[in-house]
1. Please determine, by comparing only the residues of the range 88-106 that are open to solvent by less than 30 Å² (accessible area, probe 1.4 Å) and either touching a residue at least 60 places away in the same chain (Cβ under 8 Å) or over 26 Å from Leu192 (Cα atoms) (or both), which one is farthest from the chain's Cα centre (by Cα).
2. Can you name every residue in the range 41-63 that is surrounded by fewer than 15 Cβ atoms within 10 Å (Cβ to Cβ) and of a type in the set (Gly, Ala, Ser)?
3. Being part of a helix (DSSP H, G or I), at pLDDT 95 or above and open to solvent by 50 Å² or more (accessible area, probe 1.4 Å) is the filter here, so list the residues in the range 1-40 that pass it.
Amino acid sequence: MIRTLIVDDDFRVAGVHAGFVEETPGFTVVGTAHTAAEARARVRELTPDLVLLDVFLPDEPGLALLPELPADAIVLSAAADARTVRAAVRGGAVNYLVKPFTTRQLTERLLSYARYRSLLPEDGHLGQDQIDRAFRTLHEQDRSAAPKGQSSATSRLISDQLKQADGPLSAAEIAGELGIARATAQRYLTALTESGSAVMGLRYGATGRPEHEYRWHGRDRSRP
């Protein structure tokens, strides 16, 4: 199991990310931290293999932690400017994912990271071809396409629901309106988000974990 520490200033977002990680085969969450100081303490205490690191922390920038980490790190952040991304790469981040993202986007990066680790053992000499393969594997799923085999009619119905809605809708709300399974609605919403036609956010309730919500965006990145 790949022991994972989640560092995010928002405890609710950290909880969502923890749920994503726990659902990914081969990964387990060993803890969360919400400040840079707490992250340092948790790293010493828990010795994680992987840190999911936010850029914006209340006491100091998350990227300041990168050179200190005795673990690999994937940056999960709303910061999408080139300077921050370059700083993350210089600091040693093995991947960078911009919020908000889908469960699938994070899961695929985690699985690619797991395969990368399996190709680079702790000891032993590696040939150049093995090194090249490991680095290709690390990012091989970063531009995955939307799921195949979906019905254009169902996709159109869900798109229409988002277009006509007064505000963002959850997968459960769309499923109830259309009389389809929540998992089916979630699958189509994920595809619409990944194509750029929909935008995902978080809805915070009074209790429990926040829920994903979606609004129409109307731009398909797969087209010119």
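1. Of the residues in the range 88-106, the ones open to solvent by less than 30 Å² (accessible area, probe 1.4 Å) are 88, 91, 93-95, 97, 101-102, 106.
Now restrict to residues that are either touching a residue at least 60 places away in the same chain (Cβ under 8 Å) or over 26 Å from Leu192 (Cα atoms) (or both): 88, 91, 93-94, 101-102, 106.
Details: Ala88: 16, Gly91: 19, Ala93: 14, Val94: 13, Phe101: 5, Thr102: 6, Leu106: 3 Å.
In this case the residue turns out to be Gly91.
2. Ala41, the sole residue that qualifies.
3. Quick first cut of the range 1-40, residues part of a helix (DSSP H, G or I) only: 11-22, 36-40.
Add one more test, that the residue is at pLDDT 95 or above, and what stays is 36-40.
Ala37, Glu38, Arg40 - these are the residues of the range 1-40 that are part of a helix (DSSP H, G or I), at pLDDT 95 or above and open to solvent by 50 Å² or more (accessible area, probe 1.4 Å).
The values are calculated or read from the model by the stated rules, or taken from the named source; none is laboratory data. Keep in mind that what you see is a predicted model, and the values were worked out from it rather than measured. Quick reminder, even Gly has a Cβ in these numbers, built from the backbone with ideal geometry, and neighbours come from all protein chains shown. Surface areas here come from the heavy atoms of the whole protein model, side chains and all, with no ligands, DNA or RNA. Shrake-Rupley method; radii C 1.70, N 1.55, O 1.52, S 1.80 Å.
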